[in-house]
Every structure is written in structure tokens, then in C-alpha cells.
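See below for the structure under consideration.
Bear in mind that the values in this text are calculations on the coordinates, not laboratory data. Treat the numbers as computed from the prediction; the structure is a model and nothing was measured. Every residue, glycine among them, receives a Cβ derived from its backbone with ideal geometry; neighbour counts consider all protein chains shown.
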Amino acid sequence: MFIKQRPSWSVPESEVTPESVYLNRRKFMTGAIASAAALSIPGLVRAEDTRPGTVLDYKAAPQFSTDEKPAPYDAITTYNNFYEFGTGKQDPSRYASEMSVDPWSVEVEGECANPGKYALEGLLKPHQYQERIYRLRCVEAWSMVIPWVGVPLAEVIKRLEPNSDAKFVYFETLNAPEQMRGQRSLFSTIDWPYREGLRMDEAMNELSFLAVGLYGKTLPNQNGAPIRLVVPWKYGFKSIKSIVRIRFMKEQPKSSWEMIAPSEYGFYANVNPEVDHPRWSQKMERRLPSGVFRPNWIETEKFNGYGEQVAGLYKGMDLSRYY
Amino acid sequence: MASAVTNKWRGIAGKCLVFGLALLPLGFLVADIINANLGPDPGQVITEALGIAAFQLLLVTLAITPLKKVTGWSGWLRYRRMLGLFAFFYAALHLLAFLQLILGWMDLWATFTKRPYIIAGAAAFLAMVPLAITSTRRMMKRTGRWWKPLHRLIYPAAILAWVHFLWQARSDITEMVVYAVILAGLLVVRARWFGVSSLVPLKRT
Ligand code: HEM
């Protein structure tokens, strides 16, 4: 029998506010119009929630979820770093609709037994979706709690059967300047496409997640539709969005930020308050949403509080050198 | 006599207009704060808006002399001090917003010694302080022949503010390039009209 040890940061299922409560709260706020409409249509028990996206079928994964309060949907979908659509925090929510995500396919290549071009549906079909409420810590010293829906990265990787030479997994975002205005900029220092990578053992860690949804529905484009990585113990830029390529590699790939500013951003990018960044102190973070008069500062935790799951990956490594 | 009076009123009306315009960025910000319209991270938005207002006003202040030269109307000069003081006002608010809303007055030493973009911003701000202090008529008299060379500190201040802006860029520098073109334009016309030495602070010419 397999008895799972409950990590300290997890909470019993009963304590996690059910997702329906958020939906309800939201619905309540959309006000009388929606409820009046619902009441006037016979047989329609609940008012449809007005968020875009397709409703997903998933199971909660409380053992991987924090009990902290998720940021409101609007905060998660209007405050984004997705430089393919501009560097302003609101640019992605304004312009990401210019990207077409259906149909979508992911090219799998490199050191594995099952390379090829996978339609998104084919890549995901065998897996049961889970909801995981993770903390996301940006290197800019802010953070949010986000209820993702998706599948463990390890499950997908196992099906692709990497061989013994696969020491790293490399990911690429869509490169489509005609759909992504940020890529058309003359003065961008990013060499598109956006690239990220993980060491194989990091990718196989139970926390590594491929998200396809948010708050129970498919991802809005600005959050990295239709499929994105979520590695919650690393700074947000590691969680690459709108993935079109997965490559298993022998050598350590270079990530986009490493290419631009190697002295600021390393390959590992683990959340670590002890390692200073040349721009932002990493000791504290603003947990969003934050207020003007009462900024919501909290102390940043090593590995974003997921040390129990991941600290073992870095045993013996000097994390101030491998930042 | 009559025309002197209308001129005086015109001057006051012009000053009120410029004053009102210069307050607009603050007005928009306050309205956004009241309406909770700044998104989930208001401290960051406020800090950025004040920083860009300070920098833009600095550039407008620098544009006054060229405007006078191009239009042949010396009335522009009337607004220069006010614009410069507004630039300083926004820079001071920008610094305060950063300390209060982003930093929470924590980690001050590391912030001001280890972060290149902050050091550039702080240097720009420090260069603006003596200009604000010596902007009154009385201080103008007291500083006498030193006033003009002292006030050339506005050039390094503007350049440092731009460097500060550039160094906080993550990846895309389109905006910084646009401002670089404007700033370079303003400096180059001055150098051409009045000689390079007219740009050197603290040098009496
Ligand atoms: C001690 C002085 C200063 C400090 C500590 C400071 C700090 C900051 C900080 C923290 C940011 C936001 C950076 C980011 O999040 O990436 C910023 C942006 C900026 N600052 Fe300053 N600053 C100072 C002085 C100045 C001065 C004097 C000016 C102009 C006259 C200025 C103009 C700007 C501009 C234009 C931005 C960019 C705003 C944007 O992103 O749109 N700063 N500053």
C-alpha cells in the first residue's frame, strides 16, 4: 500500500474553499441581471458564469494545493507578463486575443521514443485533469495564488518515453509575429521564440504541472493558452506559456532570460530570498491583490514554500552560484 | 497702459493653464486610486506613473529654450521655473511612492547601493535638489553669477533619469529609444546654438 505523507503546506481537503464558492461569489457580483435572467429561464438552475472559456472536467488535488486565498479571476487575467504581447502588465489582456489557439499542436523532439507533432487533444487525452492551487512568485517581487487546472508534467513526459540521454527538457512558446505584436517590436532584446528548460528530475517532480485551465475553465490567451508550464518553486518566468515545442536534450538548454542577462537570470531561477537579484530584493513579496494604503507584503520563502517537495533536487548545490 | 494690464492677465491665465496641465497626471492618478482602478498592484502602477511624469516634465522644461528660439516668443520662459519645479515635485512623489508602496522602507541600504538603476535614479534626483532649492527669486539673487552654471545640472539630471529608465527595462526598449531621440534632439540643438560648453554644469562661461 502506498501511504502518502502529507506535506506541511498542504491542508485537508475539507479546508479548501470549493471552487464553486468563487464562482458563486463572482456570480453574485455580476448582479441582479444575471440572476434575474437565470430565474426567468425555466429549468436553468444556476446562472452561467460569464467568464470566457470552456468548462473543464477535473478533480481537486488538495494534497498539492495551498489553502491561501486565490487571487480574483480579474487580477489573474489582467496583470500578466507575456512579452509576446507587450511589456505592460495590461498588454497581454488587451492583445492576446490576436493569437489563435485552436487548432494547436505541440512538436515533440529529441531524445525520446515518441517524437512527433501532437495535436493538443492527443497530447492531453489520456490524462485526468486536476485542479492545483499554487503560489506563483514573480522575480519582480510580487506573487499571486492561482487555481490551475491541468495535468502533471511527469505523466505526459512518461508517455513520450525519453531515453537515458534525455537530461533536460526544453520548451518553446509560439513564435508568430503576425499574431504577437510584442514580437514585431524593433527594440526587443528577446531572441524569439521564448525558451525555457528544466532538468529532467525537475520536470519529473510531482509539482511540475502543465496547465490548460484557470478557475475551472480553459486558459485565457493572456495566461498562456492553450497549454503552459507551471513550476511553482521557481520564479514565474520559468513557467513558459503557449507551448509549441518540447525537446528532450542531452545538454543544458539556454533560457531566454539567461540569454539576455546571464548575470541576472540563471537556468535554475529557484525562488530564494537568500540570493539577491540586481534589480529586486527577493526577501519580500507583494501578495496580489495589494492595496495602496495597506500594501500586502509577506516574506518570501525559499523555493516559494515548496522546499519539502523540491529541496532534495538541489542537494549539495551552491544555490548562490546556480541561481 | 491698458495693454500692460491685459498682458499681465494673459500671463496669469497662462500660468494657471500650465499649472493645471502639469497637475493632470496627479489628478488622473488620484482619480484612479479613488475608483480602485489601478489593478491588483497599485503601488507599482503609481510609482511608474509618477516616474514617467517627472521625466516628461523634465523634458518639457528642457524644451522651453528651443521653443523660444524657434517661435521667437520669449513668453515661454515664464513657465520654465514652474515646469522644472513640477518635475521635481513628481520625482519626489515618485521616490516617496517607491519607498512607501514598493519597498516599505525595508532593505534601504542594499537598494541604494546594489541596484544600478536605482543609483542612477537617485543621482538624477540629487542633481535636481539644488535646482529646486535655488529656484526662488531670492536664491537667484544670492547665487548670482553661479545660478546659470548651477542650473546646467538639469542636463546630467535628464541623462541620468533616462539611464535610470533604460536600466529598469526588462527586455523591450522601444519607449526608451523614443525618449532618447527626444532628449538627444534637445541637447544637440542647444549645443549647436550655444556651443557645447553651454551644456557643462558648474562651468562659468
Ligand atoms: C532616488 C530616486 C529614485 C528611485 C529610488 C526610483 C525608483 C524607481 C523604481 C523602483 C521604478 C520602477 C522600476 C521597475 O519596477 O522596473 C522607477 C521607474 C522610473 N523612474 Fe524612478 N526612481 C528615482 C528617481 C527618478 C527620477 C529623478 C526620475 C525622473 C526625473 C525617474 C523616472 C523614472 C521613470 C521614467 C521610470 C519608468 C516608469 C515606467 O516604467 O513607465 N526616477 N523608478
Practice task
May I ask for log10 I(q)/I(0) of the stretch A:13-310 at q = 0.14, 0.17 Å⁻¹, from a Debye sum over the Cα atoms as equal point scatterers with solvent left out?
Solution key: -1.10, -1.63
Exercise for the section: Please label the shape of the stretch A:177-323 as rounded, prolate or oblate, based on the square roots a ≥ b ≥ c of the eigenvalues of the alpha-carbon gyration tensor (a/c under 1.5 means rounded; beyond that, a/b larger than b/c means prolate, else oblate). Expected result: rounded
Problem - Proximal lysine pairs, chain B, alpha carbons under 30 Å, eight or more residues apart or interchain - result: 16
Fill in the blank from the handout: So, with points 7 Å from each Cα along the Cβ direction, the A:Arg199-B:Tyr117 label distance in nm works out to 3.0
Completion exercise
For the stretch B:2-199 the mean separation of alpha carbon contacts under 8 Å (6+ apart) over residue count, i.e. relative contact order in percent, is 19
Practice task
List, in order, the whole-Hz ³J(HN,Hα) value for each residue of the stretch A:210-222 obtained from phi through the Karplus relation with A = 6.51, B = -1.76, C = 1.60 and θ = phi - 60°; use x for Gly and Pro.
Solution key: 9, 8, 10, x, 8, 6, x, 10, 4, 4, x, 3, 5
Exercise for the section: Please work out the FRET efficiency for the pair B:Lys15 and B:Met106, using the Cβ-Cβ distance as r and a Förster radius of 35 Å; give the result to the nearest 0.05. Expected result: 0.30
Fill in the blank from the handout: Around B:Gln44 (Cβ within 9 Å, Cβ-to-Cβ, excluding B:Gln44; K/R +1, D/E -1) the net charge comes to -1
Completion exercise
Here, A:Lys117 and B:Arg145, labelled 7 Å along Cα→Cβ, have an inter-label distance in nm of 7.9
Handout entry: Cβ charges +1 (Lys, Arg) and -1 (Asp, Glu), total dipole of the stretch B:88-205, debye
Key = 900
Fill in the blank from the handout: Total charge of the residues flanking B:Ala123 in space, meaning their Cβ is under 15 Å from its Cβ, with Lys and Arg +1 and Asp and Glu -1, is +2
Completion exercise
Placing +1 on each Lys and Arg Cβ and -1 on each Asp and Glu Cβ in the stretch B:2-199, then taking the dipole about the Cα centre, the residue among B:Phe125, B:Thr174, B:Trp146 whose Cα reaches farthest towards the positive end is B:Trp146
Completion exercise
Under the rule rounded for a/c under 1.5, else prolate if a/b exceeds b/c, else oblate, using alpha carbon gyration tensor axes a ≥ b ≥ c, the stretch B:48-105 is classed as prolate
Exercise for the section: Please report how far the C-alpha centroid of the stretch A:129-196 lies from that of the stretch A:245-280, rounded to the nearest whole angstrom. Expected result: 13
Completion exercise
The farthest towards the positive end of the charge dipole of chain A, of the residues A:Pro147, A:Ile157, A:Pro70, given +1 on Cβ of Lys and Arg and -1 on Cβ of Asp and Glu, is A:Pro70
Problem - Point-charge dipole on Cβ atoms (K/R +1, D/E -1) for the stretch B:2-199, about Cα centre, debye to 20 - result: 1520
Fill in the blank from the handout: With a ≥ b ≥ c from the Cα gyration tensor eigenvalues, square-rooted, and the rule rounded for a/c under 1.5, otherwise prolate when a/b > b/c and oblate otherwise, the protein assembly as shown is prolate
Handout entry: Tilt relative to chain B, helix B:42-71 - C-alpha long axis, 0 to 90 degrees, to 10
Key = 20
Handout entry: At R0 = 22 Å, FRET efficiency that the Cβ-Cβ distance of A:Lys125 and A:Lys250 yields, to 0.05
Key = 0.15
Exercise for the section: Grab the alpha carbons of chain B, take their convex hull, and tell me the volume per residue in Å³. Expected result: 158
Exercise for the section: Could you list B:Met128, B:Met82 in order of exposure, starting from the residue whose Cβ has the fewest other Cβ atoms within 10 Å? Expected result: B:Met82, B:Met128
Exercise for the section: Kindly write out, for the stretch A:81-88 in residue order, the coupling ³J(HN,Hα) from the Karplus curve 6.51 cos²θ - 1.76 cosθ + 1.60 (θ = phi - 60°), rounded to whole Hz, with x marking Gly and Pro. Expected result: 9, 8, 5, 4, 10, x, 8, x
Exercise for the section: May I ask you to derive the FRET efficiency for B:Ser3 and B:Leu26 from their Cβ-Cβ distance with R0 = 41 Å, giving the value to the nearest 0.05? Expected result: 0.70
Practice task
Run the numbers on the stretch A:240-293 and let me know its relative contact order in percent, using alpha-carbon pairs under 8 Å that are six or more apart.
Solution key: 17
Handout entry: Extreme residue, positive dipole direction of chain A, given options A:Asn272, A:Met200, A:Tyr170 (C-beta unit charges)
Key = A:Asn272
Exercise for the section: Report, by chain and number, residues whose modeled amide H sits under 5 Å from the one on A:Lys234, excluding near sequence neighbours (fewer than 5 apart, same chain). Expected result: A:Val271
Problem - Charge tally in the Cβ shell below 11 Å around A:Arg132, where Lys, Arg are +1 and Asp, Glu are -1, A:Arg132 excluded - result: 0
Exercise for the section: Work out the length of the dipole vector of the stretch A:13-310 about its Cα centre, built from +1 on the beta-carbon of each Lys and Arg and -1 on the beta-carbon of each Asp and Glu, and round it to the nearest 20 debye. Expected result: 600
Fill in the blank from the handout: Going residue by residue through the stretch B:155-169, the Karplus relation 6.51 cos²θ - 1.76 cosθ + 1.60 with θ = phi - 60° gives ³J(HN,Hα) values, rounded to whole Hz and with x marking Gly or Pro, of 5, x, 4, 5, 5, 5, 4, 5, 4, 4, 5, 4, 6, 8, 5
Exercise for the section: Before anything else, pin down the relative contact order of chain A: Cα pairs under 8 Å, at least 6 apart, normalised by residue count, whole percent. Expected result: 19
Completion exercise
Within chain B, excluding any trypsin sites (Lys or Arg not before Pro) found in a DSSP loop (not H, G, I, E or B) and having at most 15 other Cβ atoms within 10 Å, the longest uninterrupted segment runs B:1-202
Problem - Other protein chain Cβ atoms within 10 Å, averaged over every residue that makes up B:95-107 - result: 3
Handout entry: Sum of -39500 (n - 2.57) over DSSP H runs of 4+, divided by residues of chain A (222 nm, nearest 500)
Key = -4500 deg cm²/dmol
Problem - Value at 222 nm in deg cm²/dmol, rounded to 500, when DSSP H runs of n ≥ 4 in chain B each add -39,500 (n - 2.57) - result: -25000 deg cm²/dmol
Completion exercise
Mean per-residue count of partner chain Cβ within 10 Å for A:253-260 equals 1
Problem - Residues B:Cys16, A:Cys112 arranged by fewest to most Cβ contacts within 10 Å - result: B:Cys16, A:Cys112
